Amino acid sequence: MAQHPLYVVNGKVVAGIEHIPQSDIESIEVLPADEDTISRWGLAASEGVIAVRLIYDTPASFNAAGVDNFTAYLANSVKWDSNMPAERASLRISISEDGTATITEVLDSTSRQFLKRVTKAIDSSPRWQPAMRDGKAIESLHLVNIQLPAGKELPSEHYVIIL
């Protein structure tokens, strides 16, 4: 049976760290499987410890209008009928200390019209519960990917290769 190090995030033991975005990580410390580490974390640390400190103690969260997922909220808020072509947008958003969502970067968008509607929905969205660090609200970054209409595939892109 393969052994793995113990993963500790902000002082709490977790199953893994692969789900944590790199932008949320403040520091990573690799602790050897020595006497001090095992005495602090127990036998579970017999393969060492990977200790991760996040930029926040509590991540920002969205829970408004009966929806606890921001992408689902946007999907309900953006007016994009099922007879319209499939569109997508990938955005980086900032959640301020007061919970306001603001687009900081457009990573990808299939059309200006769709991006305009998504932007309008974000600008008028309810406030988030901001990320917290040491009892104080802090700004945090998040990635938003939205594709509408739901279940409709984007058309394939055609390329011409000239040799």
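The values are calculated or read from the model by the stated rules, or taken from the named source; none is laboratory data. This one's a predicted model, so the numbers in the text were calculated from it and none came from an experiment. Note that each Cβ is placed from the backbone with ideal geometry, even for glycine, and that neighbours are counted across all protein chains shown. Surface areas here come from the heavy atoms of the whole protein model, side chains and all, with no ligands, DNA or RNA. Shrake-Rupley method; radii C 1.70, N 1.55, O 1.52, S 1.80 Å.
Quick look at the numbers
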quantity: Filter result (of a type in the set (A, V, I, L, M) and part of a helix (DSSP H, G or I)) within the stretch 27-53; calculated: Ile38, Leu43, Ala44, Ala45
quantity: The listed residue being small (Gly, Ala, Ser) and either crowded, with 16+ Cβ neighbours inside 10 Å or closer than 19 Å to Met132 by Cα (or both), out of Ala65, Ala75; calculated: Ala75
quantity: Hey, Tyr7 more than 30 Å from Thr119 (Cα to Cα) and in contact (Cβ under 8 Å) with a residue 40 or more places away in the chain or not; calculated: yes
quantity: Test result for Ala121, aliphatic (A, V, I, L, M), open to solvent by less than 100 Å² (accessible area, probe 1.4 Å) and at pLDDT below 90; calculated: no
quantity: Qualifying residue in the stretch 28-41 (condition: within 20 Å of the chain's Cα centre (by Cα) and either open to solvent by 50 Å² or more (accessible area, probe 1.4 Å) or of a type in the set (A, V, I, L, M, F, W, C) (or both)); calculated: yes
quantity: Test: Ala51 is in contact with a helix residue (DSSP H, G or I) (Cβ under 8 Å, 6 or more places away or on another chain), surrounded by 14 or more Cβ atoms within 10 Å (Cβ to Cβ) and more than 30 Å from Pro155 (Cα to Cα); calculated: no
quantity: Members of the stretch 1-18 that are farther than 24 Å from Gly135 by Cα and in a loop (DSSP other than H, G, I, E, B); calculated: Met1, Ala2, Gln3, His4, Pro5, Ala15, Gly16, Glu18
quantity: Residue within the stretch 126-136 that is exposed (fewer than 13 other Cβ atoms within 10 Å of the Cβ), in contact (Cβ under 8 Å) with a residue 60 or more places away in the chain and of a type in the set (Asp, Glu) present; calculated: yes
quantity: Yes/no for Leu115 being among the aliphatic types (A, V, I, L, M) and either surrounded by 18 or more Cβ atoms within 10 Å (Cβ to Cβ) or over 18 Å from the mean Cα position of the chain (by Cα) (or both); calculated: yes
quantity: Considering residues of the stretch 85-108 that are open to solvent by 40 Å² or more (accessible area, probe 1.4 Å) and over 15 Å from Asp123 (Cβ atoms) only, the residue farthest from the chain's Cα centre (by Cα); calculated: Pro85
